[in-house]
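Student: Below: one structure in structure tokens.
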Amino acid sequence: MNAADSPRLSPPDRYGVVGHPIAHSKSPFIHAQFAAATGQHMVYERYDIAPEDFVLRLREFFDQGGCGLNVTLPHKEAAARFADRLTPRARLAGAVNTLRRCSDGAIEGDNTDGAGLLADLQRLQVQLTGASVVILGAGGATRGILAPLLQQHPASVYIANRSAQRALQLVQDFAAEAPVHCRLRGGGFEQIPAGPADLVLHATSLGLEGKVPAVPSNLFGSATLAYDLGYGITDTPFTLAARAQGAGRVAQGLGMLIEQAAEAFWIWRGIRPDTTSIRHELQA
Ligand code: NDP
């Protein structure tokens with residue numbers, strides 16, 4: 001191949017992450033590492049876009065040749081409305097965290113949060129079959145993880161949310177996904193069934209303000225894994241609080257973040273990057 005044919009002379013394919021705020025996002029670092037490790041000619045940038053500008057700015061991005069976007073809070077449900085079509089798992093979630101421009105020009109919405117969480121729980125050797133699971137929060141992230149979790153046949157899933165009505169809506173929307181022997185229920189934080197639970201997933205955005213939801217003191221026990229979808233380098237406000245309240249094991253969502261990014265990278269580039277080395281790098 002001569003120099004004129006080299007794909008390196010063409011502009012890199014453009015990707016990015018859109019949120020509001022977005023400065024804290026580690027996704028640009030993760031995707032840059034994936035691209036370097038797999039030899040992909042691409043760039044990945046942060047886009048801080050307010051809800052009122054979401055549709056216009058996304059149209060611009062894709063009209064100008066952008067190939068794909070990750071979507072984070074508060075835009076996941078708006079992204080599901082923006083997409084021309086949805087994958088089955090995104091349709092089920094009603095929330096999109098990955099947008100891709102397809103060869104026919106259509107924008108496809110997908111949701112990789114559930115796959116990312118399950119991959120990380122597998123790494124942590126969590127037994128989901130027969131487990132009692134409590135999810136704190138009923139926003140876009142919960143919508144994304146709920147169906148994949150139910151498919152693992154837990155004994156029960158309770159969704160607790162500040163606005164109980166939103167949790168009850170999720171119970172209704174996902175009732176058909178619950179296996180026969182799984183009790184899927186929802187309500188306010190104060191109605192969480194007596195614990196301890198096997199797995200408590202924290203999926204509110206309170207951590208961004210350094211806060212945690214107030215939950216019954218018996219929710220955590222020595223066999224409980226308290227998993228924060230929010231992430232930091234080490235502990236988060238939730239993992240600290242859960243440990244102080246008796247959780248035997250805690251984990252935060254850095255692993256899920258990396259795994260959902262790997263799934264998005266696969267959707268965009270058709271290559272599954274290794275996630276182990278980048279997790280060690282980020283933790284270091
Ligand atoms: P949403 O904005 O869609 O939902 C926010 C949730 O937080 C709602 O349940 C909301 O309750 C609750 N909440 C907000 N403020 C308060 C408050 N003051 N008191 C009690 N509850 C509150 O966010 P997402 O679902 O998209 O994200 C939730 C978290 O999950 C974020 O921290 C996000 O970073 C993290 N996440 C991590 C991922 C990872 O890969 N590690 C992937 C996806 C998300 P209400 O309905 O009552 O407003």
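The values are calculated or read from the model by the stated rules, or taken from the named source; none is laboratory data. On a predicted model such as this, the values are computed, not experimentally measured, just so you know. Don't worry about glycine lacking a Cβ; one is built from the backbone with ideal geometry, like all the others, and counts go over all protein chains shown. All accessible areas refer to the heavy atoms of the entire protein, side chains included, with ligands and DNA or RNA removed. Shrake-Rupley method; radii C 1.70, N 1.55, O 1.52, S 1.80 Å.
Student: For a quick protection proxy, order the peptides 71-80, 99-108, 12-21 by their average other-Cβ count within 10 Å, most packed first. Please report the intermediate quantities before stating the final value.
Tutor: Numbers: 71-80: 21.6, 99-108: 15.0, 12-21: 19.2.
Top to bottom by mean Cβ count within 10 Å: 71-80, 12-21, 99-108.
Student: Suppose every K and R has +1 on its Cβ and every D and E has -1 on its Cβ; what is the size of the dipole of the range 114-255 about the Cα centre, in Debye to the nearest 20? If you can, show how the numbers build up before the last one.
Tutor: Numbers: 9 positive and 8 negative charges, 19 e Å.
About 80 debye.
Student: Counting only protein heavy atoms, what percent of the accessible surface of the range 114-255 is carbon or sulfur at a 1.4 Å probe? Could the numbers behind the result be given before it?
Tutor: Working: 3130 of 6170 Å².
That share works out to 51 percent.
Student: In addition: What accessible surface, in Å², does a 1.4 Å probe find on Arg185, ignoring ligands, DNA and RNA and rounding to the nearest 10?
Tutor: 70 Å²
Student: Would you be so kind as to identify which of Tyr158, Ser205, Ser277 lies farthest towards the positive end of the dipole of the chain, taking Lys and Arg as +1 and Asp and Glu as -1 on Cβ and the Cα centre as origin?
Tutor: The one lying farthest along the dipole's positive direction is Tyr158.
Student: Using the Cβ atoms and a cut-off under 12 Å, what net charge is assigned to the surroundings of Gly114, where Lys and Arg are +1 and Asp and Glu are -1? The partial results should precede the final answer.
Tutor: On the way: positive: Arg89, Arg143; negative: Asp110, Asp113, Asp120, Glu177, Glu259, Glu263.
Net charge in that neighbourhood comes out at -4.
Student: So, by mean Cβ neighbours within 10 angstrom, what's the order for 176-182, 233-239 with the highest one leading?
Tutor: Numbers: 176-182: 13.1, 233-239: 18.4.
For the peptides 176-182, 233-239, the packing ranking is 233-239, 176-182.
Student: Just the number please: accessible area per residue for the chain, 1.4 Å probe, all protein chains included, in Å². Please list the in-between numbers first.
Tutor: Numbers: 13030 Å² over 284 residues.
Ligands and nucleic acids excluded, the figure is 46 Å² per residue.
Student: Sorted by packing (mean other beta-carbon atoms within 10 Å per residue), highest first, where do 112-121, 127-136 land?
Tutor: Values: 112-121: 24.3, 127-136: 19.5.
Highest-to-lowest ranking by the protection proxy: 112-121, 127-136.
Student: Now, a different point. Using +1 on the beta carbon of Lys and Arg, -1 on that of Asp and Glu, and nothing else charged, what's the dipole of the chain about the Cα centre, debye to 20?
Tutor: Working: 25 positive and 26 negative charges, 76 e Å.
With Lys and Arg at +1 and Asp and Glu at -1, about 360 debye.
Student: Still on this structure, I have one more. Can you grab the distance from the C-alpha centre of the range 7-65 to the C-alpha centre of the range 204-224, Å, no decimals?
Tutor: Using only Cα atoms, the two centres lie 32 Å from each other.
Student: Placing +1 on the Cβ of each Lys and Arg and -1 on the Cβ of each Asp and Glu in the chain, which of Ser27, Tyr231, Gly137 has its Cα farthest towards the positive end of the resulting dipole?
Tutor: The one lying farthest along the dipole's positive direction is Gly137.
Student: Simple spin-label model, 7 Å along Cα-to-Cβ: Thr129 to Ala155 in nm?
Tutor: Result for the modelled spin labels: 1.5 nm.
Student: Ok, one more. Please give, to one decimal in nm, the separation of the simple spin-label points placed at Glu209 and Asp84, each 7 Å out from Cα toward the Cβ.
Tutor: Going from the Glu209 label point to the Asp84 one covers 4.0 nm.
Student: Counting only protein heavy atoms and a 1.4 Å probe, tell me what percentage of the range 43-91's accessible area is made up of carbon and sulfur.
Tutor: Working: 1320 of 2680 Å².
Of the solvent-accessible surface of the range 43-91, carbon and sulfur hold 49 percent.
Student: Turning to a different aspect of this structure: Could you sort Ser222, Ser277 by their accessible area in this structure, using a 1.4 Å probe and putting the largest first?
Tutor: Working: Ser222 110, Ser277 65 Å².
Result, largest first: Ser222, Ser277.
Student: A further question follows. Would you work out if the range 114-255 is rounded, prolate or oblate? Take a ≥ b ≥ c from the square roots of the eigenvalues of the alpha-carbon gyration tensor; rounded if a/c is under 1.5, else prolate when a/b is larger than b/c, oblate otherwise.
Tutor: Values: a/c = 1.37, a/b = 1.22, b/c = 1.12.
It comes out rounded by the Cα gyration axes.
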